[in-house]
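Have a look at the structure below before the remarks.
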Amino acid sequence: MGAHNFSRGEYYNLDMVGDELKRLNGPIFITGHTGFKGSWLSLLLNYLGIEHFGYSLEAEEDSLYKRANLERVSSGVVGDIRDLENLSNVIKDVRPSTIIHLAAQPLVLKSYQDPLETFQTNCIGTANVLTAAFETPSVEIVLVITTDKVYRNENSGRRFVESDPLEGKDPYSASKVAAEAVCAAWQQMSKISGGPKVLVARAGNVIGGGDFAKDRLIPDAIRAIMSEQNLLVRSPEATRPWQHVLDPLIGYLTYIEKILQGETKAEALNFGPSERSLEVAKVLDIGQEILGNRLRVVLEEFEPNKEAKMLQLDTNLAKLELSWNPIWRQAEAIRNTFFWWESVLSNEESAFSNCLKDIKSFLT
Ligand SMILES: NC(=O)c1ccc[n+]([C@@H]2O[C@H](COP(=O)([O-])OP(=O)(O)OC[C@H]3O[C@@H](n4cnc5c(N)ncnc54)[C@H](O)[C@@H]3O)[C@@H](O)[C@H]2O)c1
């Protein structure tokens, strides 16, 4: 189970994530631990000395998980959340106290190519995780990670609050709205017949070192540099709530902790930056400041209806309920992400030690 191969940092601020999570009656079970967020979460939990266990598909070749050799520090198994029997057997064996459900098909453009698989993974997969959790008496909390893209978006620029209507136009967003409907049903069952508390976290465009997913801005920029190609940009004026992956991860852990302490009853929370969302062009300016003319940007024609142009989250509820606040501002998060890549690409630092450095600096 959760290996603790490196010691807790001397600078860690105990006020941020308290000791409640260490008193959990069983490990934290992470679905999607080989993915981008799951890799950072495993590293963060290791650093904090919190036991965890993962369940995911095989890590992809260019993933942070592989780049940083995370099989050394995180324990888990290869498994599919669409396979209820296997998932349920593993959860029963591990006897976790909490499940953080990250596993998903998270890419909008891929969801247009394979909508059925996207729905099977994101919607039925979530129902499977909840079914298995409700059959396992040790599980107290299931935190399901959806997205900021679940809100009905008319591109007005208004910040979305948790009670806003949900509607997903593209297949990915719609599959996450379906996952939210699944969560609402299990929240109701938990209230009526007992069972784990089901929570939902909606986060914005998460960035950080090591993300190599297709059709995401910073990974696309890094791939373009590696192959000495131009970076084709669809809509430089589009805005996104960029945030460093460590900010929502600390938010998720704080959410679980406050639920355990009975300090909040919130069933869904937004996690995003406090400032106005930044334009794609601004992200690329910062990238060019750090990477110089190796990052060559070429504008491409925008395909109007594929993705929302403006997206902003209201995070006041998380601030009120959890006293959570993003630690790195958007520009700092973007800068740190490009610096992470700069030192990995130039072989100055390993991916693993860069992540550790970011965690230490973030928590200080
Ligand atoms: N990265 C972002 O900007 C962002 C923004 C909003 C929401 N999210 C959500 O956060 C979560 C994690 O995103 P990410 O960026 O780390 O994605 P990722 O693609 O890097 O990782 C996905 C993980 O899910 C696992 N997975 C996929 N299908 C599976 C299946 N059928 N069975 C078991 N495991 C499976 C993969 O093996 C991998 O470990 C997702 O739910 C995503 O929708 C991400």
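The values are calculated or read from the model by the stated rules, or taken from the named source; none is laboratory data. The structure presented is a predicted model; accordingly, all values stated were derived computationally and were not measured. All Cβ positions, glycine included, derive from the backbone under ideal geometry; neighbour counts span all protein chains shown. The accessibility values were calculated without ligands, DNA or RNA, using every heavy atom of the protein model including side chains. Shrake-Rupley method; radii C 1.70, N 1.55, O 1.52, S 1.80 Å.
Using packing as a proxy for protection, rank 189-197, 172-180, 327-335, 118-126 so that the peptide with the highest average count of other Cβ atoms within 10 Å comes first.
Values: 189-197: 14.1, 172-180: 24.6, 327-335: 19.9, 118-126: 22.6.
The packing order, highest mean first, is 172-180, 118-126, 327-335, 189-197.
Using 0.36 nm times the number of residues separating V77 and D114, minus their current alpha carbon distance, what extension gain do you get? Intermediate values should be presented prior to the final figure.
Working: separation 37, 0.36 × 37 = 13.32 nm, distance 2.54 nm.
Length difference between fully extended and current span is 10.8 nm.
On average over all directions, what projected area in square nanometres does segment 203-350 have, based on the convex hull of its Cα atoms?
9.8 nm²
Over all directions, how big on average is the projection of the convex hull of the alpha-carbon atoms in segment 152-212, in square nanometres?
Values: hull surface 24.4 nm².
The number I arrive at for segment 152-212 is 6.1 nm².
Just add up the charged neighbours of S138: K/R +1, D/E -1, any other residue whose Cβ is under 10 Å from the Cβ of S138.
+1
Once you put a point 7 Å from the Cα of E167 and another 7 Å from the Cα of L232, both along the Cβ direction, what distance in nm separates them?
It works out to 3.1 nm between the two label points.
Percent of accessible area on the chain owned by carbon and sulfur, 1.4 Å probe?
Details: 7370 of 15300 Å².
Answer for the chain: carbon and sulfur cover 48 percent of the accessible area.
Among the GluC sites (Glu not before Pro) within segment 227-294, which fall in a DSSP loop and have no more than 16 other Cβ atoms within 10 Å of their own Cβ?
Details: sites: E228, E237, E257, E263, E267, E275, E279, E289; in loops: E228, E237, E263, E267, E275.
Here the GluC sites (Glu not before Pro) that fit, given the DSSP loop and packing criteria, are E228, E237, E263, E267, E275.
Let me have the 222 nm mean residue ellipticity of the chain computed from DSSP H runs of 4+ only, each contributing -39500 (n - 2.57), with the sum over all residues rounded to the nearest 500.
Dividing the helical sum by the residues of the chain leaves -12000 deg cm²/dmol.
Give the dimensionless ratio obtained when the Cα radius of gyration of the chain is divided by 2.2 N^0.38 Å.
Details: Rg = 19.3 Å, N = 364, 2.2 N^0.38 = 20.7 Å.
Cα-based Rg divided by the globular estimate yields 0.93.
Per 0.36 nm of contour for each residue apart, how much would the distance between R152 and A184 grow if the chain were fully extended, relative to their Cα-Cα spacing?
9.8 nm
Grab the eigenvalues of the alpha-carbon gyration tensor for segment 216-266, scale each by 5, take roots, and send me the semi-axes largest first in whole angstrom. Before the final figure, lay out each step's value.
Working: eigenvalues 285, 35, 6 Å².
Semi-axes (√(5λ), whole Å): 38, 13, 5.
Could you give the nm distance between label points at E135 and L320, where each point is 7 Å from its Cα heading toward the beta carbon?
3.9 nm
I need the phi-derived Karplus couplings for segment 274-284: 6.51 cos²θ - 1.76 cosθ + 1.60, θ = phi - 60°, integer Hz, Gly and Pro marked x.
With the stated coefficients, segment 274-284 comes to 7, 7, 4, 4, 8, 6, 3, 4, 5, 4, 6 Hz.
Given H placed on each backbone N at 1.01 Å, which residues far from F271 in sequence or on other chains put an amide H within less than 5 Å of it?
Answer set, sorted by chain and number: R202, A203, G204.
Can you give me the C-alpha center-to-center distance between segment 187-257 and segment 46-88, rounded to a whole angstrom?
Cα centroid to Cα centroid, the span is 18 Å.
Relative contact order, percent, of the chain when contacts are C-alpha pairs under 8 Å separated by at least 6 residues?
Answer for the chain is 18 percent.
Excluding ligands, DNA and RNA, what is the solvent-accessible area per residue of segment 130-197 at a probe of 1.4 Å, expressed in Å²?
Numbers: 2930 Å² over 68 residues.
Accessible surface, normalised per residue, equals 43 Å².
Students often get this wrong, so check it: of K37/K176; K92/K265; K92/K258, which have C-alpha atoms separated by over 19 Å?
Check vs 19 Å cut-off fails for K92/K265; K92/K258.
Against the empirical 2.2 N^0.38 Å scaling, what ratio does the C-alpha Rg of segment 64-163 come to?
That ratio works out to 1.28.
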